[in-house]
Amino acid sequence: MTAVFIIIGVLAGGAIGIWLTTSVLRNKLLSKSQQVLKDAEEKGEIIKKDKILQAKEQYLQMKGEHEKRVNEQNNKLRDAENKLKQREQNLSQKVDELQKKSNELKGVSENLNNQIEALKKRQAEVEKVYKESVTKLEHIAGMSAEEAKQQLVDAMTEEARAEASTTIMDIVEEAKITAAEQAKKIVIQSIQRTATETAVENTVSVFNLENEEVKGRIIGREGRNIRTLESLTGVEIIIDDSPDAIIISGFDPVRREIARLSLHKLVTDGRIHPARIEEVVAKTRRQIEQEINEVGKRTCIDLGILNMNHELMRMVGRMKYRSSYGQNLLQHSREVANLAATMASELGLNPKLAKRAGLLHDIGKVPETDPEMPHAIFGMKLAEKYKEHPDICNAIGAHHDEMEMTNLISPIIQVADAISGARPGARREVVEAYINRLKKLEDMAMTYPGVVKTYAIQAGRELRVIVGADKVTDVEANKLSFDLSKQIQNEMTYPGQIKVTVIRETRAINYAK
């Protein structure tokens, strides 16, 4: 029991000690928290005072700025008020001036009204006097004023008609005399201002050689080289007529030029044999086609003609290798173009349109196929096909009176064409007839079936016809030669005799690779 009380006493003493300790700690903590709160309150007061001071300073600053702006606005308002007052004074002065002018105008208006009334009265008196005078004159003359007026008008009309008829007759007679003189003047000036050359076209070309030894190589073994060259180009090559030269004869300038250039390339290269000749002739033919395009383009540039269709330009280039009555067709067309442009300028027409029509007027003479119609009509159809101006198309078609002229350019082209062809030395009828005969020979042979190429050579004394080996037999080739010779004999007129040679050739070609 005692032990129990002792334990209870010990526990009670410990509890009391703990309670005392806890009380002491609580008191310390309370004192510290009170101190912290006190410090926080003091800092808060300090911060509050600082913020209040800053707010006061900011308020004072904003107040000063606001007062400054208010003062500025007040000053502006005062200035505006002063200006308004000044304008009001000026308007008051103007109103007073306008009132004075209005009063003055009222006075003037009253004076004008009085004058108008006086004039009306005077006009009424004048009209009354006029009517009385007219009545007296009508009574005296025995007719009314309208009748007298009509009689006077009729008399003046008859007199004016008589004078007009006389004047018109004088003008017409003077115009006829002046027109003839002006036309002669324009034609003469056009001819004088256009420099031309006489016709120098012929049917042979000369190829000069460095020495006679080259001729043997050109002839080849048993003449195979020269025969190949003649058959490929369609010309006659004369070897022995002149020293150090070869004469190339043919009516077609394109063929002669191809043969001449081919000979030049073969002689320069040194390799002359049938296969090489075929290669060179084919290459030269392509080169001539390219040159034709260049000539057409250069001609248009020289004459100042723009925007021409490429195919028409190519036909212009082909004119270089065509002739008309011995006159080079390109030179003739350029001459007509220049003459037409000169005349059009003198007459006040479009010289560019006339020059273009002059260049194209004979375009129907250079087709690659026979059109079977007049060259003027065919040329007009070509121009229409390639969208040329309607006036140009009509000028081309009407320059030989094969259709009606519809514009002033057409007669100018006809006159220029006549001037170019009629001047001395321009054309040679004999050469033209000879060339037409050779062309007719070739065209006649081409009508037979199986014919590939035809060449009139030896000045038209021989017609060489090349037929396809797969289309014509030997027997048919003999018959073709006979029939063609009979047709030539019956339908053509020519001096001497014409030899018809039909060539049928078979080739076997392979390549070793």
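The values are calculated or read from the model by the stated rules, or taken from the named source; none is laboratory data. Since this is a predicted model, take the numbers as computed values, not measurements. All Cβ positions, glycine included, derive from the backbone under ideal geometry; neighbour counts span all protein chains shown.
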Of these, Y455, Y494, which one is modelled with pLDDT under 90, within 52 Å of the chain's Cα centre (by Cα), buried (at least 16 other Cβ atoms within 10 Å of the Cβ) and among the hydroxyl-bearing types (S, T, Y)? Y455
Which count do you get for residues in segment 246-263 that are polar (S, T, N, Q) and in contact with a strand residue (DSSP E or B) (Cβ under 6 Å, 6 or more places away or on another chain)? 1
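Could you tell me which of the residues E81, E146, E104, E125 is out of contact with any helix residue (DSSP H, G or I) (no Cβ under 7 Å at 6 or more places or on another chain), exposed (fewer than 10 other Cβ atoms within 10 Å of the Cβ) and acidic (D, E)?
Working: E81 fails: exposed (fewer than 10 other Cβ atoms within 10 Å of the Cβ); E104 fails: exposed (fewer than 10 other Cβ atoms within 10 Å of the Cβ); E125 fails: exposed (fewer than 10 other Cβ atoms within 10 Å of the Cβ).
Matching residue, one of E81, E146, E104, E125: E146.
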Somewhere in segment 274-284, is a residue out of contact with any Gly (no Cβ under 9 Å at 6 or more places or on another chain) and within 20 Å of P367 (Cβ to Cβ)? no
Which of the residues spanning segment 396-409 are without any contact (Cβ under 8 Å) to a residue 40 or more places away in the chain and part of a helix (DSSP H, G or I)? I396, G397, A398
Helices (runs of 4 or more DSSP H) (entirely within segment 208-321) containing at least 1 residues that are of a type in the set (A, V, I, L, M), crowded, with 16+ Cβ neighbours inside 10 Å and within 48 Å of the chain's Cα centre (by Cα): 224-233, 253-269, 274-303, 310-318
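Return the only residue of E429, E442 being surrounded by 17 or more Cβ atoms within 10 Å (Cβ to Cβ), farther than 15 Å from M315 by Cα, at pLDDT below 90 and more than 30 Å from the chain's Cα centre (by Cα).
Working: E429 fails: surrounded by 17 or more Cβ atoms within 10 Å (Cβ to Cβ).
Within the list E429, E442, the selection yields E442.
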